[in-house]
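In what follows, a structure is listed as structure tokens, so that the remarks can point back to it.
Each value in this text was obtained by applying a stated rule to the coordinates, not by laboratory testing. From a predicted model like this one, the values you see are computed outputs, not experimental measurements. Here the Cβ positions follow ideal geometry from the backbone for every residue, glycine too, while neighbour counts run over all protein chains shown.
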Amino acid sequence: MNVERFPATTRILHWLIAALVLVTWPLGMVIKFVKNEVSLDFYMIHESLGFLVLWLMLLRVGNRLLTRAPAEDGPRLERIAAASVHGLFYLFLIIMPLSGFLATNAHGFPFSWFGVLPIWSPIGKSPDIAWTLSGIHLASAWILAVLFVLHMGAVLMHHVIRRDFTLYRIL
Ligand code: HEM
Ligand code: HEM
């Protein structure tokens, strides 16, 4: 099998961020259903893992600009669809943690990474924009879910139906 793979840095960042997002997203969704005694811990873990995604995504943008992705083949329409989903992933994986971070500060809860590293915020308590930021965070969560379903659909299409080597490009 001769497959041109993504550079190692891209592959490592892909799986690290995928793992973090697949934990952070459900954690965010369950917070409002957990008992009060533990909800602050859930927030802390959710926010701290999500904040890590922000920094890893900035690294990933740099990595994407500095490295060369393997050549793509397939019909033009498919290449456009893949590039759109991947591009929107990049965008919303930055909007997601950023809106959460600004929302928590705007609601009057400054964020400290795992409770040990207070993170400076450009905004303090701001009730007038707090719910807008929360709304952006919630909408982005569902946009990411849709992108994830499309991404998994593409993986299945390549791997199970066409049985090509697309999956190996990122392994
Ligand atoms: C990739 C990163 C992240 C993902 C996938 C994510 C996902 C989610 C999801 C699915 C929810 C539940 C939907 C809702 O109730 O609005 C949520 C809620 C929440 N998240 Fe995140 N989140 C991320 C990063 C962050 C960060 C970095 C912070 C803060 C530092 C944060 C703070 C919050 C807060 C405070 C809520 C409660 C609802 C609100 O006020 O918006 N999130 N998150
Ligand atoms: C939340 C989880 C995930 C996110 C956010 C994500 C995001 C991305 C992005 C942005 C790319 C484009 C490569 C780049 O420029 O960085 C990519 C490529 C890829 N991903 Fe994911 N991914 C996730 C999970 C998965 C999973 C679970 C699988 C497999 C089971 C997978 C399989 C692939 C494959 C095969 C490619 C290469 C596509 C190509 O050759 O052009 N991804 N992913």
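Could you tell me which of Leu171, Gly50, Leu88 has its Cα farthest along the dipole of segment 22-171 towards the positive end, charges placed at Cβ (Lys, Arg +1; Asp, Glu -1), taken about the Cα centre?
Among Leu171, Gly50, Leu88, the one farthest towards the positive end of the dipole of segment 22-171 is Leu171.
Using helices alone, I'd like the mean residue ellipticity at 222 nm for the chain: each DSSP H run of four-plus residues gives -39500 (n - 2.57), total over residue count, nearest 500.
Dividing the helical sum by the residues of the chain leaves -24000 deg cm²/dmol.
What angle do you read, to the nearest 10 degrees and between 0 and 90, between the alpha-carbon axis of helix 127-156 and the longest principal axis of the chain?
20
On a full-extension model of 0.36 nm per residue, what is the gain between Ile143 and Val23, subtracting their alpha-carbon distance, rounded to one decimal in nm?
Separation in residues times 0.36 nm, less the Cα-Cα distance, equals 41.5 nm.
Could you give the length gained on full extension between Phe33 and Tyr90, defined as 0.36 nm per residue of separation minus the Cα-Cα distance, in nm?
Difference between extended and current length: 17.6 nm.
Where Rh is the Kirkwood radius over the Cα pairs of segment 8-169, the temperature 20 °C and the viscosity 1.002 mPa s, what D in µm²/s does Stokes-Einstein return?
So the translational diffusion coefficient is about 123 µm²/s.
Please give the helix 36-66 orientation as an angle from the longest Cα principal axis of the chain, in degrees from 0 to 90, rounded to the nearest 10.
40
Tell me which residues come under 5 Å, amide H to amide H, from Phe111 once H is placed; ignore anything under 5 positions away on its chain.
Ile119
What's the magnitude of the charge dipole for segment 1-134 around its Cα centre, counting Lys and Arg as +1 and Asp and Glu as -1 at the beta-carbon? Answer in Debye, nearest 20.
Here segment 1-134 has a charge dipole of around 200 debye.
If I take every Cα pair under 8 Å that is 6 or more residues apart in segment 8-169, average their sequence separation and divide by the length, what percent do I get for the relative contact order?
20
For the chain, find the longest principal axis of its Cα atoms and tell me its angle to the long axis of helix 8-30, 0 to 90°, nearest 10.
Taking the Cα atoms of the chain, the angle to 8-30 is about 40 degrees.
Highest first, please rank the peptides 75-88, 116-129, 15-28 by the mean number of other Cβ atoms sitting within 10 Å of their residues.
15-28, 75-88, 116-129
How many nm is it between the label spots at Met44 and Thr67, if each spot is 7 Å from the Cα in line with the beta carbon?
Simple spin-label model gives 3.4 nm for this pair.
Tell me whether segment 1-65 comes out rounded, prolate or oblate; compute the Cα gyration tensor, take square roots of the eigenvalues as a ≥ b ≥ c, and use a/c under 1.5 as the rounded threshold.
Since a/c reaches 1.5 and a/b is larger than b/c, the shape of segment 1-65 is classed as prolate.
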